[in-house]
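Input: a single structure, listed below in structure tokens.
The values are calculated or read from the model by the stated rules, or taken from the named source; none is laboratory data. Fair warning: this is a prediction, and the values are worked out from it, not measured in the lab. Here the Cβ positions follow ideal geometry from the backbone for every residue, glycine too, while neighbour counts run over all protein chains shown.
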Amino acid sequence: MKKNGKIANIGLINYVDLGKIIIKAKEEGKTAVDFKAIEDIMPWDEFVSSINETSEITRPKEYNSLDLIAEKYSTLRKYTPRLLKILEFKASKKGEPVLKAMETIKELNANTKRKVPKGAPLDFVTNQWEKYVYDQEGNIDKKYYELAVFTELKNAVRSGDISIVGSKQHKPFEEYLITDSEWEKYKAENTDFKVSLDAEEYLKARLDLLNNKLKYVSDNIKKLKGVSIEDNKFVLSRLEKAVPDEAKELATKLYSLIPRVNLSDIIIDISKFTAFDNNLIHASTNKEPKDNERSCITASLMALGTNIGLKKMEQAVKGISYKQMSNVVNWRMSDDNMEKAMAAITNYHHRQPYAVHWGDGSTSSSDGVRVKSAVEALNASYNPHYGLEKGVTMYSAVSDQYSRFGVGIINTNSRDAIHIIDILLNHRTELEIEEHYTDTAGYTDQVFGLTHLLGFRFAPRLRDISDCKLYCIEGKEDFRNIQSVIKGKINTKIIKENYDDILKPVSSIKEGKVSGSLIMGKLGSYSRQNSLAKALTELGKIEKTIFILDYLSDEDFRRKIQIGLNKGEAMNALARAIFFGKYGMFHEKDIQGQLQRATALSIIINSITLWNTMYLPKAVEKLKEKEGVDESLLRHVSPLGWEHINFIGQYNLDDSSDYNLIDNMRPLREILQ
């Protein structure tokens with residue numbers, strides 16, 4: 001978008017320059033220009049006006065956002081004096097220049113001075129800001145000086161170079177971590193580290209592996225399936241479609257046998273099988289729900305998970321009032337309770353014998369669904385990829401068995417992958433995830449490094465392999481068949497110097513002292529200056545290169561990642577179908593309200609997944625009575641089908657269904673002749 005704006009601006013400048021030459025030529029009576037040809041298109045006066053008007057809206061050829069920011073200075077001034085009065089800041093050595101400049105602004109505010117004094121702090125001014133902060137006479141422009149100060153303040157607070165006294169999110173970096181004494185004790189007492197505590201030992205093992213994989217790819221590049229090098233870049237062939245047509249036909253037949261039900265029926269059934277709603281402990285009485293409360297819990301879950309809200313749900317069910325549901329939502333549906341309820345269904349599903357058709361629960365994927373915000377929510381923001389409306393991202397993780405085990409609300413411009421660490425470490429389920437897949441946009445070198453140190457294999461889909469960079473230690477000539485695609489060397493020196501400092505935040509994350517997303521956000525914001533961030537980046541280059549080499553070497557691995565991500569995308573499609581109320585938009589201003597709806601949605605999705613998983617094997621057995629079933633196709637039949645489920649209309653919460661008394665299961669439909 002920025003690039004297109006600059007191209008358009010240059011085009012306008014060229015139009016103005018050309019027009020001025022033509023106008024001048026006519027004024028001077030030159031005849032080399034065919035003025036009549038121009039006047040055939042538009043009258044001469046209009047042409048002159050067009051050039052003059054266009055000249056007024058053009059900007060300098062090298063313009064950027066800073067050329068426009070001064071227009072917002074008056075808006076900023078409404079808040080910044082008060083901000084500086086109320087908040088107290090502390091700075092590390094790197095943040096001191098910005099802190100001193102802030103004191104200068106406070107003095108200007110107090111004395112209502114219009115000019116920045118000579119000798120004002122300028123060490124913080126970056127090259128980007130320099131040509132704006134100084135005017136043509138070399139004086140300091142007060143507007144741009146303040147704008148530069150507050151921009152650098154934002155960057156310094158984000159990185160941790162400046163902290164806000166009393167803030168939980170913007171403390172000095174060291175305060176997020178376990179103390180040095182705790183760290184030494186942790187190293188001495190814990191034996192569950194996923195990597196060696198010795199830098200030399202760690203590097204030897206990983207670099208030997210890296211060199212072996214580089215050699216393998218170099219020696220076998222012409223034999224690797226679907227891989228080639230063109231114009232010094234890797235090229236991958238497209239994978240064949242993951243689901244054969246025969247599996248789609250089988251899925252249609254199986255789902256035609258599964259009972260038609262309302263959404264409320266599924267939640268009632270899953271409550272009976274799993275007792276997930278026993279986790280919704282009352283915040284005041286500390287008691288589980290009574291049997292006569294479960295209908296109200298079902299209605300409340302559907303009200304939140306479908307996004308129609310409590311008032312609409314009151315009209316869709318009989319005998320349950322808005323007040324009753326509001327009481328359940330406020331007193332029973334806390335974040336902690338809802339996570340436990342979601343996990344109870346996931347665990348029950350994990351124990352189902354039929355679930356092994358899709359995986360063993362050791363791999364997972366994550367993806368985000370953008371949800372527009374209908375109100376001015378503090379965490380909502382714009383994203384140019386999603387139009388002109390603000391929104392947030394509902395971010396979730398799904399196991400290879402099609403069950404959700406984590407969900408969160410994140411900024412719509414945030415990198416997805418920095419948040420998955422928190423879900424992988426803190427979910428409440430029995431799943432033991434070893435390998436995790438994300439889409440292309442979700443990774444950085446640091447994410448590769450951190451996930452490896454925490455014991456997870458991070459495996460993003462690489463949509464454009466040609467943009468990926470391989471790294472080696474030294475002597476890329478040793479890998480002559482691929483040396484053209486090896487772009488750099490790994491700085492092992494900085495890893496050795498900072499290895500202990502890298503492991504300390506890793507252990508702090510594992511111990512729950514700090515979230516992985518917060519640490520990654522801090523390190524990612526000052527990677528050019530901070531040795532710890534640089535060291536983690538270099539370590540991540542090792543892990544990323546190992547992953548890319550595996551990705552190139554093994555077509556089955558690429559397909560496995562693709563299948564894992566397809567499961568998440570299929571679940572997102574189901575989520576959109578369920579979350580139909582209020583045009584699928586959030587009307588909650590706070591993140592707690594948004595997360596409550598997202599978790600209710602996840603409980604409903606898991607209920608559908610489990611319900612289908614319990615009925616699919618019965619449908620298979622019934623279909624076998626009529627025809628043969630190729631069981632190798634069953635892994636392609638997803639438990640996310642919803643054609644047999646009614647999401648809208650009136651909901652019957654009476655437990656009066658026609659059950660088979662042997663196993664509490666509803667009767668299947670008959671096979672169509």
Could you tell me which numbered condition ASP360 fails, if it satisfies all but one of (1) under 23 Å from PRO617 (Cα atoms); (2) surrounded by fewer than 18 Cβ atoms within 10 Å (Cβ to Cβ); (3) in contact with an Asp or Glu (Cβ under 6 Å, 6 or more places away or on another chain)? (3)
Matching entry among LEU147, LEU239, LEU153, LEU177 (being of a type in the set (A, V, I, L, M, F, W, C) and under 30 Å from ILE490 (Cα atoms)): LEU177
Looking only at residues in the range 380-398 that are among the small types (Gly, Ala, Ser) and outside any loop (DSSP other than H, G, I, E, B), which one is nearest to THR429 (Cα to Cα)? ALA397
What single numbered condition from (1) in a helix (DSSP H, G or I); (2) touching a residue at least 60 places away in the same chain (Cβ under 8 Å); (3) under 19 Å from MET614 (Cα atoms) fails to hold for GLU246? (3)
Number of positions in the range 170-206 that are within 22 Å of SER531 (Cα to Cα) and outside any helix (DSSP H, G or I): 10
Take the conditions among the basic types (Lys, Arg) and free of Cβ contacts under 8 Å to residues at least 40 places away in the same chain and apply them to LYS372. Does it pass? no
Number of the exception - THR252 against (1) at pLDDT below 95; (2) surrounded by fewer than 18 Cβ atoms within 10 Å (Cβ to Cβ); (3) over 22 Å from ASN652 (Cα atoms): (1)
Any chance you could count how many residues in the range 625-642 are over 16 Å from THR252 (Cβ atoms) and part of a helix (DSSP H, G or I)? 3
One residue from VAL125, VAL157, VAL149, VAL165 being outside the structural domain of MET520 (by TED's automatic domain parsing), more than 28 Å from MET520 (Cβ to Cβ) and β-branched (Val, Ile, Thr): VAL125
Qualifying residues in the range 526-568 (those that are of a type in the set (Lys, Arg) and either touching a Cys at 6+ places or on another chain (Cβ under 6 Å) or touching a residue at least 24 places away in the same chain (Cβ under 8 Å) (or both)) - the one farthest from PRO460 (Cα to Cα): LYS534
Restricting to the range 249-281, name every residue that is in a loop (DSSP other than H, G, I, E, B), out of contact with any Phe, Trp or Tyr (no Cβ under 8 Å at 6 or more places or on another chain) and not hydrophobic (A, V, I, L, M, F, W, C). SER256, ARG260
Looking only at residues in the range 74-83 that are within 32 Å of the chain's Cα centre (by Cα) and at pLDDT below 90, which one is surrounded by the fewest Cβ atoms within 10 Å (Cβ to Cβ)? THR75
When the range 396-420 is checked residue by residue, the ones that are buried (at least 24 other Cβ atoms within 10 Å of the Cβ) and more than 17 Å from SER602 (Cβ to Cβ) are ALA417, ILE418
Qualifying positions in the range 449-491 - aliphatic (A, V, I, L, M) and modelled with pLDDT of 95 or more: LEU450, LEU453, LEU454, ALA459, ILE490
Would you mind stating whether GLU588 is buried (at least 17 other Cβ atoms within 10 Å of the Cβ) and either of a type in the set (Asp, Glu) or more than 29 Å from THR363 (Cβ to Cβ) (or both)? yes
Being of a type in the set (Gly, Ala, Ser), surrounded by fewer than 16 Cβ atoms within 10 Å (Cβ to Cβ) and farther than 17 Å from PHE557 by Cα is the filter here, so list the residues in the range 205-227 that pass it. ALA205
Could you tell me whether any residue of the range 475-482 is among the polar types (S, T, N, Q) and farther than 30 Å from LYS168 by Cα? yes
Test of understanding: among LYS622, LYS544, which residue is modelled with pLDDT of 95 or more, under 21 Å from LEU250 (Cβ atoms), in a helix (DSSP H, G or I) and basic (Lys, Arg)? LYS622
Do the conditions hold for ILE86, that is, is it more than 20 Å from ALA533 (Cβ to Cβ), modelled with pLDDT of 90 or more, among the hydrophobic types (A, V, I, L, M, F, W, C) and surrounded by fewer than 19 Cβ atoms within 10 Å (Cβ to Cβ)? yes
Complete set of residues in the range 353-370 that are at pLDDT 95 or above, closer than 20 Å to VAL407 by Cβ and among the β-branched types (Val, Ile, Thr): THR363
Options GLU103, GLU130, GLU137, GLU107; residue that is surrounded by fewer than 16 Cβ atoms within 10 Å (Cβ to Cβ) and part of a loop (DSSP other than H, G, I, E, B): GLU137
Could you count how many residues in the range 428-457 are of a type outside the set (Ser, Thr, Tyr) and within 21 Å of PHE193 (Cβ to Cβ)? 16
Positions within the range 304-363 being among the small types (Gly, Ala, Ser) and more than 23 Å from ALA283 (Cα to Cα), in sequence order: ALA316, GLY319, ALA355, GLY359, GLY361, SER362
